[in-house]
Amino acid sequence: MRNSLLEQEAELFSRYLLNRSPDKLAVELYSRAIKQTSASLTPQDQKLLPFLKNNTWSMGIIDSGLAFINPHSEIRRRLYFMLSILESIPENHDLFLPKKRNQLYLIVVVYHGTRATIKALLGSLLIKMIA
Amino acid sequence: MEIPDYIVVGSGCTGAMAAQTLVEAGASVHMLDVGVVNDTYASLIPDKDFIGIRKTEAEQYRYWIGNEAEGVSWGKVKTGEHLTPSRKHLLQQVDKYLPLTSTSFFPMESLAYGGLGSGWGLGCCEFSKRELDAIGLEDSSMKTAYTTIAKRIGISGTQDDAAPFTLGGLTDYQPAPLMDRNHQLLLKKYTHHKNGFNKRGFFLGRPALALLTQDKDGRKKYAYQDMDFYSDKDESAYRPWITVNQLKRKGNFKYIGDRLVTEFLEHPDHIEVYCINIITDTTEVFKCKKLLLASGVLGTARIVLRSFKKENVKLPLLCNPYTYIPCIQPRMIGKEAEQKKMGFAQLSLFYDEHHTNEDVVMASIYSYQSLMLFRIIKEAPLNFVDARIIMRYLMSGILIMGIHHPEQRSPLKYLEMDRNEDSITGDQLKVGYELTEEEKKKKEEREKKYIKVMRSLGAYALKRINPGYGSSIHYAGTLPFSKNNTSYTLNPQGKLNGTQNIYVADGSGFNYLPAKGLTFSLMANAHLTALNALKSE
């Protein structure tokens, strides 16, 4: 797989996961990790990946749908590798370590849980339409 | 070349303890071991706590996930899932030199210096008299051996409801390590309703750990840096290589690494031990007067099956069935990360249904922090963005409960040698392992009871994760203790029946496998086996 494609993927995934551009190290680690652990794309992934790259708004919906219907898909694997890399970069520690919060934050948890469930339903439909 | 009195095979917990006993008795001992060492990552880890490292260290990715992200595992939870890059060397060379085939059993074996003991969770349990009887071990000698081992390795613990299952009769131990808030809350709730739990057969308390809370013999006390899955810097956690390093300074001990023992041939006055030199992949022969096999139950089975050269021999196999249950304690949700923390089990929950200290089920309870958020996010059926936000909030309240079930022999659990021309040894171990319907039912019932009790303690199960058979990393029973002089068994002194001077110092002889932490008893048995070998001179 070409480096430029992997760099583009790293940027896309990092923006989706943390709403941050990845630094040079994260891009390099992502490219290296995917090359080292290269797994072939299934026909479903082959259709979904270009769609994601051209329609970045659909990232959350497709990720949710895959988590629901095909949690071990190659796209989810790549997202997971990017997530683990981003977590191991010190600048991102504040987005991963537990922080003290008041009980009102439970509303935020419920909101995210509900949002993820709705996205999963939408995502399942969208995946069926695309792939 | 002078023939040593003993060759000990393997540098894990049992090999180290047996060798120490022999060396202290003045015997000349050679240890043959592959001894894989990889200090690439461990040497990079600074002397700081987990939170401090997370905030500042630029190169932390190297020890969290590895240079090639080899510490990131995808797919279903498997045996050894928790191994971090600095512990991955435990599995190095295993596929090449210890080939194994099975459709249902996925064990973890190691050729590392210090063996599987280099990743041991440190839980120490004295087995009860009933359990020792069922195993085939003599109660009074084992109690003395427990005391000897505790003195050697250093144990911390406390007298509480778990003590009858953990410390037993031990008197020489250090204070238990401090608990984090997550565990304190659990224990507080248990203490308030203790009688009710006890009536139901459940007992909660601190595990005895091979972890120092006071300095001992040049080893430092535990510093609560929560880096236990990555580093053994202060040597507060006992690892068998600590013992082997000490033995290397003795004149009557010689460590010979890069050697995989494949078989033995016994002569009237000496034993030939055949090895593969893993640097040259050539065969070498060593000689000794007596041989002590301590290469782990599966490793020892390979050596014995090859040496006896009989076709179609099936050996029994024991392995504790194991299940992880992540739980959430709502009272801890949204709490700040604790700077001083510990990755080892902080509480043990025992289920002694008949109040007999026999067939007891054991659950070890851990907090979750230093294994990083990404590993636990993988288990959530959500998109990664929402999962990160939710799990980060829940993380302080997460408790991982690992349940071990007791294990009996059955015809459905066995191993045998199979030809494999592609393997360097020309063979492979073939394992069949299934639980009977009755065992499955019992396992299910017990786990449901654990979930219910955890709920009463204020912690709610999120899911049940079965990493597959073999994942407990507790193996035994392949060469069961027997008073009849039958093939492929051990006599009560640990000598391989049908031989004159070959002893087995690992768990191969155990006729039964209690659910309680096994390693401490393996070490005590290894010490006794070495004493028996000395006595027979």
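Convex hull volume of the Cα atoms of chain A, normalised per residue: 110 Å³. Quick one: helix B:181-192 against the long Cα principal axis of chain B, what's the angle to the nearest 10°, folded into 0 to 90? That works out to roughly 80 degrees.
Taking Cα atoms only, the orientation of helix B:519-535 departs from the longest principal axis of chain B by about 20 degrees.
With the cut-off at 1.5 for a/c, could you classify the stretch B:95-241 from its C-alpha gyration tensor as rounded, prolate or oblate? Note, shape of the stretch B:95-241 comes out rounded.
Loop sites by DSSP among the trypsin sites (Lys or Arg not before Pro) of chain A, restricted to those with at most 12 other Cβ atoms within 10 angstrom, leave A:3-99 as the longest stretch without any of them. Taking the inverse of the mean reciprocal distance over all distinct Cα pairs, the Kirkwood hydrodynamic radius of the stretch B:332-437 comes to 18.1 Å.
Entry note, chain B: relative contact order of 23 percent, from Cα contacts under 8 Å with a spacing of 6+ residues. Basic side chains Lys and Arg get +1 at the Cβ, acidic Asp and Glu get -1 at the Cβ, and with that the dipole of the protein assembly as shown about its Cα centre reaches some 2140 debye. Applying 1/(1 + (r/R0)^6) with R0 = 41 Å to the Cβ-Cβ distance of residue B:487 and residue B:452 gives a FRET efficiency near 0.35.
With a 1.4 Å probe on protein heavy atoms only, work out how much accessible surface B and A bury together, total over both chains, in Å² to the nearest 100. That pair hides around 4200 Å² of surface in total.
With both labels modelled 7 Å from their Cα along Cα-to-Cβ, the residue A:104 to residue B:59 distance reads 4.5 nm. Around the amide H of residue B:290, modelled in the peptide plane, lie the amide H atoms of B:6, B:7, all under 5 Å away and 5 or more residues distant in sequence or on another chain.
Legend: residues A:125, B:137, B:44, sorted from most to least accessible area (1.4 Å probe; ligands, DNA and RNA excluded), read A:125, B:44, B:137. Per the Debye calculation on chain B with a single equal scatterer at every Cα and no solvent contribution, log₁₀ I(q)/I(0) for q = 0.08 Å⁻¹ amounts to -0.49.
Roughly how tilted is helix B:139-153, in degrees to the nearest 10 and between 0 and 90, from the longest Cα axis of chain B? Approximately 70 degrees, to the nearest ten.
Bridge orientation summary for chain B: considering DSSP beta bridges with both residues in this region, about 70 percent are antiparallel.
In the complete set of protein chains, residue-level accessible area for residue B:39 is approximately 90 Å², probe 1.4 angstrom.
Beta bridges from DSSP with both residues in the protein assembly as shown: antiparallel share about 70 percent, rounded to the nearest 5. Solvent-accessible area of the stretch B:207-339 (1.4 angstrom probe, protein heavy atoms only): carbon and sulfur portion equals 49 percent. In the stretch B:46-67, the residues whose accessible area drops by at least 40 square angstrom when the other protein chains are added to the isolated chain are B:54, B:55, B:61, B:65; the probe is 1.4 Å and only protein heavy atoms count. The fraction of accessible area contributed by carbon and sulfur in the stretch A:3-130 is 60 percent, rounded to a whole number (1.4 Å probe; ligands and nucleic acids excluded). Projecting the Cα atoms of A:52, A:5, A:31 onto the charge dipole of the stretch A:3-130, computed from C-beta unit charges around the Cα centre, puts A:52 farthest toward the positive end. If you take the Cα centroid of the stretch B:475-537 and the Cα centroid of the stretch B:65-93, the two points sit 32 Å apart. In the full protein context, the protein assembly as shown carries 39 Å² of accessible surface per residue, based on a 1.4 Å probe and ignoring ligands, DNA and RNA. Find how many whole Å separate the alpha carbon centroid of the stretch B:315-361 from the alpha carbon centroid of the stretch B:149-211. Using only Cα atoms to place each centre, the spacing works out to 12 Å. Once you have a ≥ b ≥ c as the square roots of the Cα gyration tensor eigenvalues for the stretch B:1-78, tell me rounded if a/c is under 1.5, and otherwise prolate or oblate according to whether a/b is larger than b/c. It comes out prolate by the Cα gyration axes. Scattering from the protein assembly as shown was approximated by placing one identical point on each alpha carbon and applying the Debye formula without solvent; log10 I(q)/I(0) at 0.05, 0.09, 0.12 1/Å stands at -0.24, -0.78, -1.33. Note on the stretch B:201-291: percent of Cα-Cα distances in each 5 Å bin, starting at 0 and stopping at the bin with the largest distance, equals 3, 10, 14, 12, 13, 11, 10, 11, 8, 5, 2, 0.
Report the relative contact order of the stretch A:1-115, percent, no decimals, based on alpha-carbon pairs under 8 angstrom and at least 6 residues apart. All intermediate terms of the calculation are to be shown ahead of the outcome.
Numbers: 63 pairs, mean separation 31.9, N = 115.
Answer for the stretch A:1-115 is 28 percent.
Neighbours of residue A:71 by Cβ distance under 11 Å: Lys/Arg scored +1, Asp/Glu scored -1, total +2.
The values are calculated or read from the model by the stated rules, or taken from the named source; none is laboratory data. The shown structure was predicted, so the numbers you read here are calculated from the model rather than taken from an experiment. Backbone-built Cβ (ideal geometry, glycine too); neighbour counts: all protein chains shown. SASA here: full protein model, heavy atoms, side chains in, ligands and nucleic acids out. Shrake-Rupley method; radii C 1.70, N 1.55, O 1.52, S 1.80 Å.
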